[in-house]
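Report on the following structure.
The values are calculated or read from the model by the stated rules, or taken from the named source; none is laboratory data. Please read these numbers as outputs of a predicted model, since none were measured by experiment. Positions of Cβ are backbone-derived with ideal geometry, glycine not excepted, and every protein chain shown enters the neighbour counts.
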Amino acid sequence: MSSGFFDKVYRLVRLIPPGKVATYGQIAALLGHPRAARTVGWALHSLSDEEARVVPWQRVIGAGGRITTSCETHSAQLQRQLLEEEGVQFGQEGDIDLARFQWRGPEWNELDALLRAEM
């Protein structure tokens, strides 16, 4: 996997439990870079097929509770299917109720260890 920020994105996304989602901006903010939501998206977009099997990329969505990917490899349709298989429900407009399904983030000790870890 990539080093630096991308690696931290992957490590943090791996903490999101099945049936929960986080937003790109939330991941960026937890990593100390609140304006790096697009970079989080780029990190997830750059996952190889092998990496995508261990990094649950599908659990990261747009701030409005919507799937925003336009990637052919990891399509919006695939993302929705994977989330539904985990129990995430979509509203009639295709959005996810963040009050119900949003991950609140890791425990402080988990985040601290992630941010301090050597790459």
Filter the range 47-56 down to residues that are of a type in the set (Asp, Glu) and loosely packed, with under 12 Cβ neighbours inside 10 Å and give me whichever is modelled with the highest pLDDT. 50
When you look at residue 72, is it of a type in the set (Asp, Glu), surrounded by fewer than 19 Cβ atoms within 10 Å (Cβ to Cβ) and in a loop (DSSP other than H, G, I, E, B), yes or no? yes
Which ones in the range 76-91 are surrounded by 11 or more Cβ atoms within 10 Å (Cβ to Cβ) and either touching a helix residue (DSSP H, G or I) at 6+ places or on another chain (Cβ under 9 Å) or aliphatic (A, V, I, L, M) (or both)? 76, 78, 79, 80, 81, 82, 83, 86, 88, 89, 90
Against the conditions (1) in a helix (DSSP H, G or I); (2) without any contact (Cβ under 8 Å) to a residue 60 or more places away in the chain; (3) of a type in the set (A, V, I, L, M), where does residue 83 fall short? Just the number, please. (2)
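Could you tell me whether any residue of the range 83-90 is within 20 Å of residue 15 (Cβ to Cβ), under 15 Å from the mean Cα position of the chain (by Cα) and hydrophobic (A, V, I, L, M, F, W, C)?
Taking the range 83-90 as the starting set, the residues that turn out to be within 20 Å of residue 15 (Cβ to Cβ) are 83, 85-88.
Narrowing further to those that are under 15 Å from the mean Cα position of the chain (by Cα): 83, 86, 88.
So of that shortlist, the ones also hydrophobic (A, V, I, L, M, F, W, C) come out as 83, 88.
So far as the range 83-90 goes, yes, one or more of its residues are within 20 Å of residue 15 (Cβ to Cβ), under 15 Å from the mean Cα position of the chain (by Cα) and hydrophobic (A, V, I, L, M, F, W, C).
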Among (1) in a loop (DSSP other than H, G, I, E, B); (2) surrounded by 18 or more Cβ atoms within 10 Å (Cβ to Cβ); (3) out of contact with any Lys or Arg (no Cβ under 9 Å at 6 or more places or on another chain), which single condition is residue 44 missing? (1)
Only one of 115, 98 is in contact with a helix residue (DSSP H, G or I) (Cβ under 9 Å, 6 or more places away or on another chain), of a type in the set (A, V, I, L, M) and either within 28 Å of residue 4 (Cβ to Cβ) or surrounded by 14 or more Cβ atoms within 10 Å (Cβ to Cβ) (or both). Can you tell me which? 115
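Counting only residues that are touching a residue at least 60 places away in the same chain (Cβ under 8 Å), among the aliphatic types (A, V, I, L, M) and part of a helix (DSSP H, G or I), how many does the range 25-41 have?
1
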The conditions are (1) surrounded by fewer than 16 Cβ atoms within 10 Å (Cβ to Cβ); (2) of a type in the set (Lys, Arg); (3) under 18 Å from residue 9 (Cα atoms); (4) modelled with pLDDT of 95 or more, and residue 59 fails exactly one of them. Which is it? (1)
With the requirement that a residue be crowded, with 19+ Cβ neighbours inside 10 Å and free of Cβ contacts under 8 Å to residues at least 60 places away in the same chain, what does the range 11-24 give you? 13, 24
